[in-house]
Structures are given as C-alpha cells and as structure tokens.
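The values are calculated or read from the model by the stated rules, or taken from the named source; none is laboratory data. Remember, predicted model here, so these are calculated numbers, not experimental data. Methodologically, a virtual Cβ is constructed for each residue, glycine included, from the backbone with ideal geometry; neighbour enumeration extends over all protein chains shown. Remember, those area values only see protein heavy atoms, side chains included, never the ligands or the DNA or RNA. Shrake-Rupley method; radii C 1.70, N 1.55, O 1.52, S 1.80 Å.
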Amino acid sequence: MALTACSSSGSSKSSSAGGVTTINLLAADYGTAGTANSSQTYWQGIADAFHAANPSIVVHVQTIPWTDYQTKTTAMFQAKQYPDILEGDAPQEFAADNLLYPLTDVMSASTISNLIPVFVKQEDTNNIAYGAPFTTSSRVLFYNKKLFTQAKIASPPTTWAQLESDAAAIKALPGGNIGYDMPLGTEEAQGESLMWMLGNDGNYTDGTGKYAINSANNIETFQFMANLVKAGDTEAGPATQDRKTAWADFASGDVGMVGGSGALVPIINTAGKLQSADWGDVAMPGKNGPLTTPLAVHDDITAFNLGGHAAQIKAFLDFAYQDKYQEQFDNEYDLLPATSSASAALSASNPVDAPFLAALPNGSQYPTNSNWTPVTKKIQNTIGAAVASPGAASTVLGELQAFASSSNN
C-alpha cells in the first residue's frame, strides 16, 4: 500500500540480494517547517553513515508526518504491512500479537543499560522488554510574563485555584486574550487530559494497572476544567483545539498560560512576538500544589520479527543510539534524549533543556496496557466533550472507561 503522506515510498518488506541486506525503517516525522527540518533528513543521514560503516546493510527510510502518523500506520498494519524497525509507537499491542523481537535480540546490553531507567519498564510485556524509548519529553506550564504583569499577577500559579484566578484576570484584559489554552482536540487530547488528572491524584489507570478513567478524582478534575471553559477563561472550543494551534497562539502573545514541552520553545522563537524575558515555565499546577510527578512521555523504537534480520537491526540500532545522534535529534526538535549519557551532556550544555531534563526521572507516563493505542484514539476523539459542561464529565469518562475495559486484553 502506497502512503501518500510518506516522505519516501517503497515496499515495507526487507530483502537480501547480492550479499547486501535491506531493512526498512518507518518513523514519525517531527518536522514543523516542511522539508527544512524533516525527520526524513535526520534518519537518512544516520542510514547513510551506517551504510558507509556497514556496506552489507542498507536501511531504507520512510517517514510519516506526526499529525498523520496514527491514521497511516493503522492502515498499514491492518494490511499486514510491517517495517523491520518502527519509531513512534508503543510495543505492547504488537508484542501481544507476537510480532516483535525482544529488545535483547536487537540491541546490545551496553546500549540498553544507557537508556533512562524511568522509561525502560514501560517497554515490558510479561516482564520482557519489546521496545526502547527513542525520544522523550516532559511537560510544564508556560506563562506569558507580559500578560501577568498587565493583569497585576505577581507570580505564576501553583494550585488550580490560583490558575483559575489568573486565567480570569488575563481574560479580563483588553484585547481578547485567552487565560489558559486547553487543547483537547484530536492531536493530543490524551496528554492535556493526563496533565490535569495528575494534579488531582488521578490517572488513566489505578495502582494495579486497571483502567480507572472514570474515577471520582478524574471526574472532579474534568468538572473543574469545565468550569474554566464555562467562565470563558479558556479558548472558545477546547474539544476541537489542537496542541499545535494552542502553542502557536501562545507564541503569538495572546495566551496567558498553556501546558507544553521543550518543543514549544522554537515555536516561540520563530514567531518573534515574545522575547526570552517575556515568558517563563514552571511546574504544572495541581489541585493543592505543583506537580512533583509531571507528565513525561516517550516515543518508542520497536523491531518486527517478520523479516528475520535481527543481527542487522541490532547493528543499526546500536549505531543510531550514539550520543551525537540523540543530541542532534534534541537540537533539531527540542525534544529530549532517551539515553542517560546524552541527557547528562545536554543538561550541562543547554540551560533551556535543563528544567525539562530534571523532570524526567520522576515523570508519570501513559499506560502500558496492550489496548492503549485504540484507547488513545478514542480519548482523542471524545474526551473533549467532558468539558462541555460540568455535568458531562461523568458520562463521557464513563463511556471511555467502558470502552477501555471491554477492549482490554
């Protein structure tokens, strides 16, 4: 099946001919400036350098824009078309279908030991790791110091009550500013939702790993969020607001507060409306105080076992996880590394990244349930309705809980 959104085309089947083995890498494209910073260029550079050092192995690179990633890969996998290496998706569902190599088959012990520990356990299925984190990020609250000064707000919020008061004060300023931008559209509603849930001792799952989407704490959280929307302290339509729009609005100088990762920084710099002194970032406020276990997410590398090229995959992954490539990815996309050595180097050399890196070791992450991929899609498409009114939270979260529980393996 041809993917029209891919940066390159070709068969997803690996091959061997004339003593040369070709393996296929399918990766998410994190670029935000067209071809100028396409991940196709990043991966092709690694593939070319790897081939120069390993002439008997060719890596065919194919990338899909992040905004189309889930839709396009789902269609591929339904058609039973799998790459040798996939970057951008969690391993649990594939591992449950016996499609993946164990990580120890396709990555050396020294590379595995260098992965950031907090993310490694997330790769397990039945106590066997079937994937590895490749890129990571943590979330904080970005705030507009200029609007805070105009609204006579002395310091950024640490609690929900303070955030509510600050958002109302910013919204009341002349010029139609948004107090807090709450993106619950299809791009990444699961992330915005979890940032808020964590602030009230909630999560998508309970301590045993069972789904608890409609817990009392989560319902209370969305009722609070709905009250912010009802008061007009957010953008008009959170259910259809995507993260990229929320971040662009903040960068334009018209938003008081928004949750974000380091990837927001270059967007601010490119927009040119806010100077470095005009904005700041702090821990995300919770109901009673700032989050000490903020949302920290990662995108994964997995290796499919259908092509039978474990040795070639292992050689390439060990090569691709070198510090210089991890740091290059961070510098290109303002995301964070997945290895301890690259994180230490960046923390020392890049003060902008330092607070985000510091948050990683205590980060809270998405569930590892084998059906998390379809549950994520359901959340992205429906959870925004939970803030339509304070009374909607129980119904919407209840429906999500029923879906998650019924489809869980």
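Scanning region 226-251 for residues that are of a type in the set (Ser, Thr, Tyr) and either free of Cβ contacts under 8 Å to residues at least 12 places away in the same chain or open to solvent by less than 30 Å² (accessible area, probe 1.4 Å) (or both) yields a single hit, Thr234.
Reported count of residues in region 316-341, each being open to solvent by 20 Å² or more (accessible area, probe 1.4 Å), part of a helix (DSSP H, G or I) and within 22 Å of Trp247 (Cβ to Cβ), is 2.
Going by the conditions given, is Thr22 among the polar types (S, T, N, Q), in contact with a helix residue (DSSP H, G or I) (Cβ under 8 Å, 6 or more places away or on another chain), open to solvent by less than 50 Å² (accessible area, probe 1.4 Å) and modelled with pLDDT of 95 or more? Criteria not met by Thr22.
Here Val118 meets each of (1) open to solvent by 30 Å² or more (accessible area, probe 1.4 Å); (2) more than 29 Å from Gly19 (Cα to Cα); (3) at pLDDT 95 or above with one exception, condition (3).
Okay, residues lined up against (1) at negative phi; (2) aromatic (Phe, Trp, Tyr):
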{"position": "Tyr42", "(1), (2)": "yes, yes"}
{"position": "Asp68", "(1), (2)": "yes, no"}
{"position": "Thr71", "(1), (2)": "yes, no"}
{"position": "Met76", "(1), (2)": "yes, no"}
{"position": "Asn98", "(1), (2)": "no, no"}
{"position": "Leu103", "(1), (2)": "yes, no"}
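Before we move on, is Gly209 open to solvent by 10 Å² or more (accessible area, probe 1.4 Å), farther than 21 Å from Gly363 by Cβ and touching a residue at least 40 places away in the same chain (Cβ under 8 Å)? Against the criterion (open to solvent by 10 Å² or more (accessible area, probe 1.4 Å), farther than 21 Å from Gly363 by Cβ and touching a residue at least 40 places away in the same chain (Cβ under 8 Å)), Gly209 does not qualify.
Within region 360-376, being part of a helix (DSSP H, G or I), within 19 Å of Ser261 (Cα to Cα) and open to solvent by less than 20 Å² (accessible area, probe 1.4 Å) holds for one residue alone: Leu360.
Test Ile383 against the stated conditions and say whether it is open to solvent by less than 50 Å² (accessible area, probe 1.4 Å), under 19 Å from Asn218 (Cβ atoms) and under 15 Å from the mean Cα position of the chain (by Cα). Taking the combined requirement at face value, the residue does not satisfy it. Scanning region 245-267 for residues that are among the β-branched types (Val, Ile, Thr) and modelled with pLDDT of 95 or more yields Thr245, Val255, Val258. Looking at Ala404, Ala393, Ala344, just one residue is crowded, with 16+ Cβ neighbours inside 10 Å, farther than 30 Å from Asn98 by Cα and over 18 Å from the mean Cα position of the chain (by Cα), and that residue is Ala393. Would you be able to say whether some residue in region 148-160 is in a loop (DSSP other than H, G, I, E, B), within 20 Å of Val387 (Cβ to Cβ), charged (D, E, K, R) and open to solvent by 10 Å² or more (accessible area, probe 1.4 Å)? No, the conditions are met nowhere in region 148-160. Residues in region 50-73 that are open to solvent by 20 Å² or more (accessible area, probe 1.4 Å) and touching a residue at least 40 places away in the same chain (Cβ under 8 Å): Ala53, Asn54, His60, Pro65, Thr67, Asp68, Gln70, Lys72. If you go through region 136-186 and keep only what is among the aliphatic types (A, V, I, L, M), in contact with a strand residue (DSSP E or B) (Cβ under 8 Å, 6 or more places away or on another chain) and at pLDDT 95 or above, you end up with Leu141, Leu147, Ala151, Leu163, Ala167, Ala168, Ala169, Ile170, Ile178, Met182. The C-beta contact set for region 162-178 (first residue of a type in the set (A, V, I, L, M), second residue open to solvent by 70 Å² or more (accessible area, probe 1.4 Å), distance under 6 angstrom, 6+ apart or interchain) comprises Leu173/Gln150.
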